[in-house]
Amino acid sequence: MKKSGQAMECDSSAVVHKHGIPVLVHPDFFRQKGAGQVDMAIIKLVGSERVLQIYEAKSSRYPSPKQVVRLKKAAMILSTCFRIPTQIFLLRRYWHQGTFIYKEHLIH
């Protein structure tokens, strides 16, 4: 990952993690199962239901179809482990009026 990508992931994790309980999963866990690495994940209350939300941080482009398949597999694995529904979001960073803002877009 490029340094700018690392900086964006660090900044965006501060934004995401304050909205739920952070979930950290070692990348080797997903590699062993042929799934994609997860940039960020939180467990959040949506209405009265707990939901695991997975975020893929991107500054400029949409994830490749292969990456989306791997993210869906990771979501399925975590959903089974936690026994809660999972959502996958693309988290994009935009420059707006002299500062970066983040917007999430539902992928699955």
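Quick note: the coordinates plus some simple rules give every number you see, no bench work behind them. The model shown is predicted, which means the values in this text are computed figures rather than measured ones. Counting neighbours? That spans all protein chains shown, and the Cβs are built from the backbone with ideal geometry, glycine included.
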Can you compute 3J(HN,Hα) from phi for each residue in region 38-47, using the Karplus curve 6.51 cos²θ - 1.76 cosθ + 1.60 with θ = phi - 60°, rounded to whole Hz and x for Gly and Pro? 9, 5, 8, 8, 9, 9, 9, 7, 10, x
Could you go through region 49-55 in sequence order and give the Karplus-derived ³J(HN,Hα) for each residue, using 6.51 cos²θ - 1.76 cosθ + 1.60 with θ = phi - 60°, rounded to whole Hz, and x for Gly and Pro? 10, 7, 9, 8, 10, 9, 10
Cross-link pairs beyond the 21 Å C-alpha cut-off, checked among Lys33/Lys58; Lys18/Lys44; Lys73/Lys103: Lys33/Lys58; Lys73/Lys103
Val46 and His17 label points (each 7 Å along its Cα→Cβ direction) are spaced in nm at 2.2
How do Ser13, Ser48 line up, fewest other C-beta atoms within 10 Å first? Ser48, Ser13
Kindly write out, for region 73-78 in residue order, the coupling ³J(HN,Hα) from the Karplus curve 6.51 cos²θ - 1.76 cosθ + 1.60 (θ = phi - 60°), rounded to whole Hz, with x marking Gly and Pro. 5, 4, 5, 5, 4, 5
Fewest Cβ neighbours within 10 Å first, please rank Thr86, Thr80 accordingly. Thr80, Thr86
Per the rule of 0.36 nm per residue minus the C-alpha distance, extending Ser79 to Val25 adds in nm 18.1 nm
Counting other beta carbons within 10 Å of each Cβ, put Arg61, Arg93 in order, fewest first. Arg61, Arg93
